Amino acid sequence: MTDSELAYDIVNGDNHGFETLVKQFQEKIFRTVMGFVHNKEDAEELTQDIFIKAYYALNSFKGKSTLSTWLYRIAVNTSISFLRKKKRKEFWGRFPIPFNTASNDKNAADQLAEDEEIKVVRKAIEKLPLKQSMAFVLSKYEDLPQKKVAEIMQVTEGAVEQLLIRARLNLRKWLEKNHLNP
Amino acid sequence: MNENTDILIEEFIKKEKSTRCNPFLHTRVMAAIEKNKADVILVKPVWRNALAVISLIASIWAGIAAGEFYNLPPEKEEIVFINDRYPEHFDFINDESNN
């Protein structure tokens, strides 16, 4: 059965087909999302949202790419939009809200418990420019070949290679500046 | 120096990749989809009923409005003034055109 046929069947009510699709891809999509959000609870929540989005958008799947490429694209876009919202929230969170100290206390406790090294590497990955971050996550977390990454990002393979080199250099630079040379 | 940072990055990625998602995530996804469908089905009859009631009220109102449209305004009563102190105007009464 081709991807288009599977999508057609699901749109026409084959829920069992969709469940099989979710089972097949849930770990992969979860890992990709983890690469962006670095938090299990958020990643699970987002993975669920991604599959629900995919279910309702399947009628727009034209079969120009494979179903996996299409799903990865939804995953990357959803993760990026989640990070943008989170950044906006964090920005407004800087201003003190009267009578609301519980969440700040929890964050502080979490941060203290977190391993310093992990925190620094996470920060370095979060600091990467968007395209470099996309290429890095898809390539390193999912071990996808450059061709597949290029398909998902809709760029050339050469561009992906350049993005990966620059990402690696930026990570090294940031880590040396902030961690290895205190 | 580069080796150290590379090892640090690789270790971090390895650790994050080892995190597994809930194995029953697919059941959560399917339950959410089913719930969405049920919500849509539940909402439909409410809308249908509301639409039926609104159209019924609208048709009753239209009927009343149409009925009132054909009601003629009440005619003014004509009062014939009769003065008993004077003899009646037979000419006026006999005139057929006044009947």
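The values are calculated or read from the model by the stated rules, or taken from the named source; none is laboratory data. In this text, all values refer to a predicted model and were calculated from it rather than measured experimentally. Cβ atoms come from the backbone with ideal geometry, glycine included; neighbour counts cover every protein chain shown.
Looking at the range A:20-32 only, could you name the residues that are crowded, with 17+ Cβ neighbours inside 10 Å and either basic (K, R) or over 18 Å from the mean Cα position of the chain (by Cα) (or both)?
The initial filter retains those residues of the range A:20-32 that are crowded, with 17+ Cβ neighbours inside 10 Å, namely A:21-22, A:25-26, A:28-32.
Residues satisfying the conditions are A:L21, A:K28, A:R31.
Give me the helices (runs of 4 or more DSSP H) completely within the range A:112-179, filtered to those with at least 2 residues that are of a type in the set (G, A, S), ordered by residue number.
A:130-140, A:157-175
Scan the range A:9-27 and report the pairs whose first residue is among the small types (G, A, S) and whose second residue is in a helix (DSSP H, G or I), with Cβ atoms within less than 8 Å and a gap of 6+ or a chain change.
Listed by first residue and then by second, the contacts come to A:G17/A:L6; A:G17/A:D9; A:G17/A:I10.
So that you can scan it fast, the table gives a plain yes or no per residue for (1) among the small types (G, A, S); (2) touching a helix residue (DSSP H, G or I) at 6+ places or on another chain (Cβ under 9 Å); (3) facing chain B (nearest Cβ under 10 Å); (4) within 21 Å of B:I33 (Cα to Cα):
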{"residue": "A:L6", "(1), (2), (3), (4)": "no, yes, no, yes"}
{"residue": "A:I50", "(1), (2), (3), (4)": "no, yes, yes, yes"}
{"residue": "A:S60", "(1), (2), (3), (4)": "yes, no, no, yes"}
{"residue": "A:G63", "(1), (2), (3), (4)": "yes, yes, no, no"}
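A:L67 versus (1) modelled with pLDDT under 90; (2) within 10 Å of another protein chain (Cβ to nearest Cβ): which is the lone unmet condition?
Answer for A:L67: the failing condition is (2).
Determine, yes or no, whether B:A65 is more than 8 Å from every other protein chain (Cβ to nearest Cβ) and modelled with pLDDT of 90 or more. Show your work before the answer.
Numbers: more than 8 Å from every other protein chain (Cβ to nearest Cβ): yes; modelled with pLDDT of 90 or more: no.
In short, no.
Looking only at the range B:12-36, how many residues end up being within 45 Å of the chain's Cα centre (by Cα) and surrounded by 14 or more Cβ atoms within 10 Å (Cβ to Cβ)?
Here the count works out to 8.
Could you grab me the full set of residues in the range A:33-73 that are on the phi > 0 side of the Ramachandran plot and under 15 Å from the mean Cα position of the chain (by Cα)? I'd like the intermediate steps shown before the answer.
Within the range A:33-73, the first condition is being on the phi > 0 side of the Ramachandran plot, and the residues that meet it are A:38, A:63.
Of everything in the range A:33-73, just one residue is on the phi > 0 side of the Ramachandran plot and under 15 Å from the mean Cα position of the chain (by Cα), namely A:H38.
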